[in-house]
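The values are calculated or read from the model by the stated rules, or taken from the named source; none is laboratory data. Treat the numbers as computed from the prediction; the structure is a model and nothing was measured. So basically every Cβ, Gly included, is an ideal-geometry build from the backbone, and we count neighbours across all protein chains shown. To get the accessible areas, we keep the full protein, side chains included, count just its heavy atoms, and leave off ligands, DNA and RNA. Shrake-Rupley method; radii C 1.70, N 1.55, O 1.52, S 1.80 Å.
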Amino acid sequence: MHTEHTAAQRRTLALFLLGGALGALAFLLVYGAAPLDVTNDAFCRGGYIEKDIQQHYAGWLFYRQSEPGFPLCIAQNINFPDGLSVAYTDSVPLFAALFRLLSPVLPDTFQYFGWFTLLAFFLQGAFGALLTGLFVPGVALPLLGDILFVTSPVLFERAIRHTALGAQFFILAALYWYFRCRRQDRMPGPGLFLLNVAAVTIHPYFVPMTYAVTLALLVEYATANRRWARPALYLAGDLAATAAAGWVFGLFYGDASGGSDALYGYFGLNLNALWNPAGVNGTVWSRLLPVQNQVGGNYDAFAYLGLGVLIALPAAALILALQRRLGLRGLVRRHWMLGVVCLILTLFAVSNAVTANGATLLELPLPGPLLQLCSVFRSGGRMFWPVYYLLLLTAFVWLARAVPRRWRGAPVAAAVLLAAVQVWDISPGLVQRSQAMAEAQQQQAFPSGLESSFWQEAASRYEHIVSLNGIQDDALHLALYAADNGMTTNDPFAARYDAGALDAARQSALAKLAEGRADAGSLYLFRDETAFLQAVEPVKDAAWCGEVRSADGSCRWYVIAPGMQDFAGDALCTRYDENYPLRLADYTDQLWNRGVLDSTKKTVCFADAPFTRAKLENAAAIAADGIEYAITGFDDSDPGWLMVTLDIDDATVLWDKELETIQK
């Protein structure tokens, strides 16, 4: 008995280490070793695939500059003056807290995102091998099944790009402990308990996933053994420890109710997700299957299974059914609660806005409080991941059981074929991910939009960046700029922030500007020119005021820079003075389209500000590109707006134009 126990332990250790090595190999083959150089932040600053990792890195930079305090992970210069947990910049709080303690001995440039991702891949492979090892014998066969997990398209869609969400080993580990405990008909132990607690220190989205699996195990144990007290105490203790960990790492610090305007349902799971190989930014994850249409934010619920799994799953099910060995009734009887939570997770992922291909089939109205509650996890499509990984597992296990038992080596051959087809099919996506990382290392400079000499001058003058409306253009590069120069920012670039406090602070700052009081240590930024024009007049003589553009013209900032009134500017700067250009207000609603009245296309609107009123009140015509359009009507009855009717066929030709007025 002791010998068998020791052999089982050796097999478990071998599967863990070899599976981990397989995951690490997958990481190195795709990303190379460059991300493991902690002084290499090229892929962080340049944005790997998209800009999200800039947010993660900026959060770490701000936190590293913060004074030590409790709770942990509060970056004091974000959401200034209140601060914000870097959990809401997805900066991997556990790692951020650890390396903040080590900060004095770390190099000036230090990023941990590469090593975190390598660890995530190692654990993905380790727990994937342990999971498959519960269902098939030996070591080689489980490792072949593990290839499905370490090459998961869902994993590669998130890794490094959404760094913390690359820790999908949490799901595999929860499933491993679930099936292991069910086989032994026992309560979950400390491993699953700690897994749930650790999940909240990496990314809160994993918490409902691991707890769903935990709940299934506890309910099935309780009903099978008619013991409810111990499972209830276990669950209560685990929830309490998880909440405590969340508090320690700052998840409950302040009010983080603000963020994206997208509510639950926008990021729902499209019904074609399992066979739709469409990744972000044009990545295609299949050599054979065509890209399918999606609606709204369906892209965030990416769940492509891969051609190997899509073939193996129904084929193996059919073979087992014909052999009367599918055993669905027994599966439902043993794992009924796991089935229930998988159904709930799937329904939550699909959401109340049911989409298929490019159409919304139906949208179920939800009560306001329920909609807000669901919007806590507004990217609900991610909740499908436990079901996704169960489908990968099922395809492998059923295929291994479906091949004729009398053929020696048939399960291994079938697993090799499955893995080969799977990797061959998804290889375009893996290659694109590898090429994106290689390109990130070749960047010598990172286009940030902050090319104007204005930003270099401002860096040495100001302590605070004060964003007075909206989220600024290229907010993540602006956040990196602030962090690099030791400045605070209230620009809401994080996933969550205190919207009420931000609005109150903005109103207070605007009130002071209206009184002609500009803080000498603050650089004021406006995203909307209308808001800028309505605020600038009282302080224009004590500041450099105007528009600063990016080199490609894609970004515009409207700034009030106290004390810089002598700044000469450059080609990317337009000073606010009597020669400042007049533009349509970029206003859109049911009646107006970017400042043009839709019904006639002859009436345009401008912000009611001293500058625009002075330009328009005595004007006879508006000119653009050398063409004059006579003013036939002027209306200032709508507070905050000036509406001008022109002798013009279609005023949309005035969009984005610098306009002149012809005086009477």
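Values for this structure:
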read-out: Cβ-Cβ under 6 Å pairs, at least 6 apart or on other chains, segment 506-525 side open to solvent by 40 Å² or more (accessible area, probe 1.4 Å), far side aromatic (Phe, Trp, Tyr) and modelled with pLDDT under 95; value: none
read-out: In segment 612-634, the residues that are under 44 Å from the mean Cα position of the chain (by Cα), of a type outside the set (A, V, I, L, M) and not in a helix (DSSP H, G or I); value: 625
read-out: Filter result for residue 429 (closer than 30 Å to residue 272 by Cα, in contact (Cβ under 8 Å) with a residue 60 or more places away in the chain and touching an Asp or Glu at 6+ places or on another chain (Cβ under 9 Å)); value: yes
read-out: Odd one out for residue 156, checked against (1) under 27 Å from the mean Cα position of the chain (by Cα); (2) in contact (Cβ under 8 Å) with a residue 60 or more places away in the chain; (3) open to solvent by 10 Å² or more (accessible area, probe 1.4 Å); value: (3)
read-out: Looking only at segment 415-439, and only at residues there that are small (Gly, Ala, Ser) and farther than 21 Å from residue 391 by Cα, the one that is surrounded by the fewest Cβ atoms within 10 Å (Cβ to Cβ); value: 438
read-out: Per-region count, segment 631-657, residues farther than 12 Å from residue 605 by Cα, surrounded by 13 or more Cβ atoms within 10 Å (Cβ to Cβ) and out of contact with any Ser or Thr (no Cβ under 8 Å at 6 or more places or on another chain); value: 3
read-out: Condition met for residue 606 (open to solvent by less than 70 Å² (accessible area, probe 1.4 Å), touching a helix residue (DSSP H, G or I) at 6+ places or on another chain (Cβ under 8 Å), of a type in the set (A, V, I, L, M, F, W, C) and outside any strand (DSSP E or B)); value: no
read-out: Segment 496-530, residues that are in a helix (DSSP H, G or I), closer than 25 Å to residue 256 by Cβ and either among the hydroxyl-bearing types (Ser, Thr, Tyr) or more than 25 Å from the chain's Cα centre (by Cα) (or both); value: 504, 505, 506, 507, 508, 509, 510
read-out: Qualifying residue in segment 496-516 (condition: closer than 25 Å to residue 569 by Cα and charged (D, E, K, R)); value: no
read-out: Whichever residue in segment 403-414 is in a loop (DSSP other than H, G, I, E, B) and not β-branched (Val, Ile, Thr) and, among such residues, is most open to solvent (accessible area, probe 1.4 Å); value: 408
read-out: Positions within segment 635-664 being among the aliphatic types (A, V, I, L, M), over 44 Å from the mean Cα position of the chain (by Cα) and under 21 Å from residue 611 (Cα atoms), in sequence order; value: 646, 662
read-out: Residue within segment 353-369 that is within 21 Å of the chain's Cα centre (by Cα) and more than 30 Å from residue 425 (Cα to Cα) present; value: yes
read-out: Condition check for residue 306: under 28 Å from the mean Cα position of the chain (by Cα) and open to solvent by less than 10 Å² (accessible area, probe 1.4 Å); value: yes
read-out: Hits in segment 272-303 (condition: small (Gly, Ala, Ser), surrounded by 15 or more Cβ atoms within 10 Å (Cβ to Cβ) and not in a loop (DSSP other than H, G, I, E, B)); value: 273, 278, 301
read-out: Residues of segment 383-406 classified as farther than 25 Å from residue 342 by Cα and touching a helix residue (DSSP H, G or I) at 6+ places or on another chain (Cβ under 8 Å), total; value: 2
read-out: Scope segment 138-153; condition assigned to a helix (DSSP H, G or I) and either of a type in the set (Lys, Arg) or farther than 14 Å from residue 20 by Cβ (or both); matching residues; value: 140, 141, 144, 145, 148, 153
read-out: Members of segment 84-106 that are farther than 30 Å from residue 506 by Cβ and part of a helix (DSSP H, G or I); value: 94, 95, 97, 98, 99, 101, 103, 104, 105
read-out: Checking residue 289 against (1) over 20 Å from the mean Cα position of the chain (by Cα); (2) modelled with pLDDT of 95 or more; (3) within 30 Å of residue 369 (Cβ to Cβ), the condition it does not meet; value: (3)
read-out: Condition broken by residue 119, with the remaining ones in (1) crowded, with 20+ Cβ neighbours inside 10 Å; (2) in a helix (DSSP H, G or I) satisfied; value: (1)
read-out: Residue check for residue 322: open to solvent by 20 Å² or more (accessible area, probe 1.4 Å), more than 30 Å from residue 475 (Cα to Cα) and of a type in the set (A, V, I, L, M); value: yes
read-out: Qualifying residue in segment 105-121 (condition: among the acidic types (Asp, Glu) and without any contact (Cβ under 8 Å) to a residue 60 or more places away in the chain); value: yes
read-out: Qualifying position, being of a type outside the set (Ser, Thr, Tyr) and either free of Cβ contacts under 8 Å to residues at least 24 places away in the same chain or within 30 Å of residue 423 (Cβ to Cβ) (or both), among 65, 55, 9; value: 9
read-out: Residue 109, sole failed condition from (1) part of a loop (DSSP other than H, G, I, E, B); (2) within 30 Å of residue 177 (Cα to Cα); value: (2)
read-out: Scope segment 192-204; condition over 23 Å from residue 179 (Cβ atoms) and open to solvent by less than 20 Å² (accessible area, probe 1.4 Å); matching residues; value: 200, 201, 203
read-out: Residue ranges of helices (runs of 4 or more DSSP H) in segment 317-402 with at least 1 members at pLDDT 95 or above; value: 336-350, 385-402
read-out: Count of segment 216-244 residues which are under 28 Å from the mean Cα position of the chain (by Cα) and surrounded by fewer than 20 Cβ atoms within 10 Å (Cβ to Cβ); value: 5
read-out: Filtered residues of segment 159-178 (kept if open to solvent by 10 Å² or more (accessible area, probe 1.4 Å), farther than 17 Å from residue 196 by Cβ and part of a helix (DSSP H, G or I)); value: none
read-out: Those residues of segment 576-596 which are without any contact (Cβ under 8 Å) to a residue 40 or more places away in the chain and under 17 Å from residue 624 (Cβ atoms), in sequence order; value: 579, 580
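The rows are residues; the columns are (1) open to solvent by less than 50 Å² (accessible area, probe 1.4 Å); (2) in contact with a Pro (Cβ under 8 Å, 6 or more places away or on another chain); (3) in a helix (DSSP H, G or I).
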residue	(1), (2), (3)
5	no, no, yes
55	yes, no, yes
70	no, no, no
82	no, no, no
